[in-house]
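Here's the structure, in structure tokens; my notes come after.
The values are calculated or read from the model by the stated rules, or taken from the named source; none is laboratory data. All figures in this text were calculated on a predicted structure; none of them were measured in a lab. As a convention, Cβ positions derive from the backbone with ideal geometry for all residues, glycine included, and neighbour counts pool all protein chains shown.
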Ligand code: SF4
């Protein structure tokens, strides 16, 4: 029996890539196991977004090696693409290095490994195929990811993704809609359309759908009750997306629109291709939508050249938008990115100070934002049960966690849609009681 173990880091794209890799391996006769100890082949799907990503990968590979006698090791993902064959020099126990744009070649690469090749690589970025496999083994029984576009044609100054995932490749709308229909028939009710920049989706077939059309149509697939999407780029985010959400109740009323900075000067240095005013125009579309839309974002503090005044513009933006949640990070240098050439390095302790101020401010905003839901009844998809508190864990259309109690009835609610009245609101979640 051929066994494998896979460990995954990073974004939803990586998580979904691992689901595809698992399905591909199983179709090749491999069996997935729960620990590296039990596996013959250990896969490590890496992410290079965070600070010191490469060091972390090599230190994890060393840990694997300690008990790894007789095993083979494979490195996938962004660090695999970025470091390439250097991985073999730094970690000679690794036998396979493969970037995400080459996962379609995995069956061939596995055969090479099995036939005794010591070092096998899949590092080509010039693929014209998307990794569209019916073999995907999904981790979540209720929500399924669907990749609609791979790669990225932007060149944000801090980002390695265009180098590690290659240029944009959209799937045909027929292929996306078929996957959505198959998922609905398999019992999934929530789908999430994925891409580094879903807004730049362009149907390569004659139908020529744009992202707003694809989103709207995904929300009309019989059996699909919720559609989410991530992630967006403000430059390509058009009003038709908001119009579709306003009119189609299956489209979740939550938009994640990364801003990165509230200062147009910093946005320019980041090569983000929009100004603060242009970003705010998109926020205004959301604020005047037919249904209230929850908004979340990503923010980087301490980008080279960011002054105190620039940072204050970011703080002011938090107030102006009233985000429902943010993901915030200190800028860190990534290999081969344009930002490496910029002056105006912000000291580490100053970045830490800014990040703490930003997060404290956002926490206060979230308390206010979430308080609005108290006494309202919200529909949630039930995702789990907390034994310790006796609460069910639900997610609202606005992507808020709603922990709720249910009086009477002992049937399993997981995977079902229930209504719960919100009785309390904290900065990160809501609490309530089931009303049906
Ligand atoms: S849009 Fe910018 S931040 Fe997002 S993946 Fe592309 S280059 Fe990176």
Kindly state which strands (runs of 3 or more DSSP E) lie completely within the range 180-262 and contain at least 2 residues that are more than 16 Å from the ligand (Cβ to nearest atom), under 25 Å from residue 15 (Cβ atoms) and at pLDDT 95 or above. 190-194, 226-230
State whether the residues of the range 294-309 include one that is modelled with pLDDT of 95 or more, over 19 Å from the mean Cα position of the chain (by Cα), more than 27 Å from residue 54 (Cβ to Cβ) and part of a helix (DSSP H, G or I). yes
In the range 153-175, which residues are over 18 Å from residue 98 (Cα atoms) and within 11 Å of the ligand (Cβ to nearest atom)? 153, 154, 155, 156, 157, 158, 159, 168
Quick check on the range 21-30: of everything there that is under 21 Å from residue 194 (Cβ atoms) and out of contact with any strand residue (DSSP E or B) (no Cβ under 8 Å at 6 or more places or on another chain), which residue is surrounded by the most Cβ atoms within 10 Å (Cβ to Cβ)? 24
Of the numbered conditions (1) surrounded by fewer than 18 Cβ atoms within 10 Å (Cβ to Cβ); (2) part of a helix (DSSP H, G or I), residue 51 satisfies every one except a single condition; which is it? (2)
Looking for something on the phi > 0 side of the Ramachandran plot, over 18 Å from the mean Cα position of the chain (by Cα) and modelled with pLDDT under 90 - is there at least one such residue anywhere in the range 109-126? yes
Under 7 Å between Cβ atoms, which residue pairs at least 6 apart in sequence (or on different chains) link something in the range 154-172 that is under 19 Å from residue 133 (Cβ atoms) with a partner that is near the ligand (Cβ under 7 Å from one of its atoms)? 165/152; 165/196
